[in-house]
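For reference, the structure is listed below as structure tokens.
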């Protein structure tokens, strides 16, 4: 058979294939179609169950971490009053007014005790809030009164009556403050001062 004859035969075969009627799509067995649908449904349920299990695992992990971080919340609150008393003791006797050596040594000992207590606080995530000259923030400060003619912008903390504390990012006690009185910029602080607004965040 010559090359020309082979070429002609191929062309005829191709033409015949092109003119042939398309075959009908195979009809699926109803049982097979039902089985495939059931498999798809089971796959979807499995994926949903896996996603829910992962969500529960993450939630439990978060709760465990929070329990570890905030387990000492009540104990930490109980230590705030002794910390306040140490600060009051130091503030009650200015160092430049001390005349005798024993009193000076006593004051130095009290100051050292306060430093050690605050260092222990820091080690365990407890931080003191002393927001003097900061903008009043009702999330961390409790406005007790307003102060006029402070020379500070309205809504600024002008006086700290009692420092606040946080345990990690959670509030233990808001700082009790006096807020500079003024115009529009002090409106939020003014409302907080009038209402004695206090943070409701609880451990």
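Read the figures in this text as sums done on the coordinates, not as results from a lab. Source: prediction; values computed, not measured. Here Cβ is always computed from backbone atoms with ideal geometry, including for glycine, and neighbour counts include all displayed protein chains.
Miscellaneous remarks
- Residues being loosely packed, with under 13 Cβ neighbours inside 10 Å and in contact with a helix residue (DSSP H, G or I) (Cβ under 8 Å, 6 or more places away or on another chain) - total across region 93-109: 1
- When region 118-139 is filtered for residues that are within 13 Å of residue 165 (Cα to Cα) and part of a loop (DSSP other than H, G, I, E, B), the ones remaining, listed by number, are 124, 125, 130, 131, 139.
- Of the residues in region 92-99, not one is part of a helix (DSSP H, G or I), touching a residue at least 24 places away in the same chain (Cβ under 8 Å) and closer than 29 Å to residue 162 by Cβ.
- Taking region 159-180 as the range and being over 22 Å from residue 81 (Cβ atoms), surrounded by fewer than 20 Cβ atoms within 10 Å (Cβ to Cβ) and in contact (Cβ under 8 Å) with a residue 24 or more places away in the chain as the test, no residue passes.
- Taken over region 64-74, residues that are out of contact with any strand residue (DSSP E or B) (no Cβ under 8 Å at 6 or more places or on another chain), in a helix (DSSP H, G or I) and surrounded by 10 or more Cβ atoms within 10 Å (Cβ to Cβ) amount to 4.
- Of all residues in region 140-150, those satisfying the criterion of being assigned to a loop (DSSP other than H, G, I, E, B) and surrounded by 16 or more Cβ atoms within 10 Å (Cβ to Cβ) are 140, 150.
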